[in-house]
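A quick write-up on the structure given underneath.
The values are calculated or read from the model by the stated rules, or taken from the named source; none is laboratory data. Here the structure is a predicted model, which is why all the values come from computation and not from measurement. For neighbour counting, all protein chains shown are included, and Cβ atoms are generated from backbone atoms with ideal geometry for every residue, glycine included. The area values use the complete protein model at the heavy-atom level, side chains included, leaving out ligands, DNA and RNA. Shrake-Rupley method; radii C 1.70, N 1.55, O 1.52, S 1.80 Å.
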Amino acid sequence: MYTTEFDKKAAEAALATMSDEDAELVAAFEARVANDEFIEPNDWMPDAYRKTLTRQISQHAHSEIVGMLPEGNWLTRAPSLSRKAILLAKIQDEGGHGLYLYCAAETLGTSREEMIHALHEGRAKYSTIFNYPSLNWADIGVIGWLVDGAAIMNQVPLQRTSYGPYARSMVRICKEESFHQRQGYDLLLEMMKGTPEQKAMVQDAVNRWWWPSLMMFGPPDDYSPNTAQSIRWRIKRDTNDELRQKFIDATVPQAELLGVTLPDADLSWNEGRGHYDFGALAWDEFYAVVRGDGPTAKERLKARRAAWDEGAWVREAADTYAAKQTAARAAA
Ligand code: FAQ
């Protein structure tokens with residue numbers, strides 16, 4: 001199944017049994033990747049490349065779709081019409097991102113339906129971040145600032161990922177994520193001009209979302225089974241730890257401008273490294289959330305399964321309409 005961990009032993013075994021023709025195909029493929037050419041759907045590619053891309057892109061698509069839920073929770077309670085309109089537009093953008101990404105993943109040979117079933121059956125992962133609850137209105141600002149901020153840091157380099165459809169989908173997604181981050185930061189700036197209670201809400205939201213946002217970048221490089229091969233195939237352009245560090249370096253000055261404290265006593269500028277040092281992440285918590293034990297994991301999957309069931313009539317109507325159109329064209 002495409003959601004299983006990249007199997008290095010199987011890849012080695014496959015290499016051992018490779019014919020001369022296969023070895024030539026692999027060499028030509030690797031030369032194209034090394035030359036920064038895009039690999040397109042009909043091009044030859046190693047099975048492991050197809051498998052890990054399908055895994056990553058589908059996980060990314062699921063994250064966008066599940067990621068609509070924590071913000072959707074606040075749509076009916078937005079404090080003004082304009083904040084509601086902005087939030088609605090953002091959530092719709094996330095839905096669009098999911099759809100581009102499912103399309104990109106489908107070009108690798110797995111149907112959207114199969115991917116969605118894997119999500120609903122708990123076989124496919126989605127980002128750990130969306131298994132945390134959104135408890136107050138400031139969470140909406142912090143999701144934009146930190147969660148979209150982390151997503152952008154990870155996704156800007158993916159505009160140069162080696163698989164053409166994934167790279168192209170990232171161009172528009174990154175533009176929209178950039179707007180999302182600004183709207184979140186703007187919302188927080190506004191709240192920080194408000195009452196002591198509003199400022200406390202922002203600080204509380206930052207305290208809860210900071211560490212989970214850092215976990216979005218995935219496990220440390222030494223414990224990341226996929227990174228080395230994905231960097232070699234230019235699926236990933238930077239490692240998990242490199243992106244996490246870049247995100248922290250970019251975010252600390254934004255926190256200072258906003259007037260909030262990041263909840264890490266070990267956070268300090270290291271002149272020698274030219275980077276911020278930071279405290280240890282709770283990796284046990286990360287792995288527990290990846291396994292499906294996140295605070296809102298059951299609620300999220302329940303909501304996604306319900307949306308699928310409740311949308312059955314729309315899919316049936318669309319299929320019936322498409323069949324009628326095909327029949328009409330055939331009769332013409
Ligand atoms: N959560 O070997 P690695 C967003 C899994 S979009 C859950 O390091 P890899 C927009 C990983 O899949 C956010 N699982 O894996 C938005 C792998 O699973 P395996 C999503 C995680 O793939 C904003 C295993 O652990 N973004 O936020 C996580 O090389 C606001 C080992 O890890 C993307 O998906 C995690 N955090 O690197 C929407 C970006 N981290 O092999 C709404 C594209 C790792 O057991 C509101 N993806 N795992 O099946 C990537 O760049 C990569 O897939 C990484 C993980 C960096 C996430």
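Quick notes on this one:
- Residues that are more than 16 Å from the ligand (Cβ to nearest atom) number at least 1 in the following helices (runs of 4 or more DSSP H) confined to the range 223-332: 240-258, 297-310, 312-331.
- Selected residue (criterion: farthest from the ligand (Cβ to nearest atom)) from residues of the range 15-62 that are within 21 Å of the chain's Cα centre (by Cα) and among the β-branched types (Val, Ile, Thr): THR54
- Test: residue in the range 131-138 that is open to solvent by less than 40 Å² (accessible area, probe 1.4 Å) and near the ligand (Cβ under 8 Å from one of its atoms): no
- Of the residues making up the range 148-169, those that are open to solvent by less than 10 Å² (accessible area, probe 1.4 Å), within 9 Å of the ligand (Cβ to nearest atom) and in contact with a Leu (Cβ under 6 Å, 6 or more places away or on another chain) number 0.
- Residue match in the range 251-274 (condition: within 22 Å of TRP209 (Cβ to Cβ), under 19 Å from the mean Cα position of the chain (by Cα) and open to solvent by less than 70 Å² (accessible area, probe 1.4 Å)): yes
Let's see how each residue does on (1) in contact (Cβ under 8 Å) with a residue 12 or more places away in the chain; (2) out of contact with any Lys or Arg (no Cβ under 6 Å at 6 or more places or on another chain); (3) of a type in the set (A, V, I, L, M):
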position: TRP233; (1), (2), (3): yes, yes, no
position: ASP241; (1), (2), (3): yes, yes, no
position: LYS246; (1), (2), (3): yes, yes, no
position: LEU267; (1), (2), (3): yes, yes, yes
position: ASP284; (1), (2), (3): no, yes, no
position: ALA306; (1), (2), (3): no, yes, yes
position: ALA312; (1), (2), (3): no, yes, yes
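- Residue that is farthest from MET115 (Cα to Cα), among those in the range 1-36 that are modelled with pLDDT under 60 and hydroxyl-bearing (Ser, Thr, Tyr): THR4
- From LYS125, LYS199, residue being part of a helix (DSSP H, G or I), of a type outside the set (Gly, Ala, Ser), out of contact with any Pro (no Cβ under 7 Å at 6 or more places or on another chain) and at negative phi: LYS199
- Boolean, VAL290 is closer than 30 Å to ARG123 by Cβ and either modelled with pLDDT of 95 or more or open to solvent by less than 90 Å² (accessible area, probe 1.4 Å) (or both): yes
- Qualifying residue in the range 198-208 (condition: within 15 Å of the ligand (Cβ to nearest atom), open to solvent by less than 30 Å² (accessible area, probe 1.4 Å) and farther than 19 Å from TYR166 by Cα): yes
- Test: residue in the range 64-76 that is outside any helix (DSSP H, G or I), away from the ligand (no atom under 13 Å from the Cβ), more than 17 Å from ALA150 (Cβ to Cβ) and among the polar types (S, T, N, Q): no
Residues are listed down the side, and each one gets a yes or a no for (1) free of Cβ contacts under 8 Å to residues at least 24 places away in the same chain; (2) open to solvent by less than 20 Å² (accessible area, probe 1.4 Å); (3) within 9 Å of the ligand (Cβ to nearest atom):
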| position | (1), (2), (3) |
| --- | --- |
| ILE140 | no, yes, no |
| ARG172 | no, no, no |
| PRO196 | yes, no, no |
| PRO219 | no, no, yes |
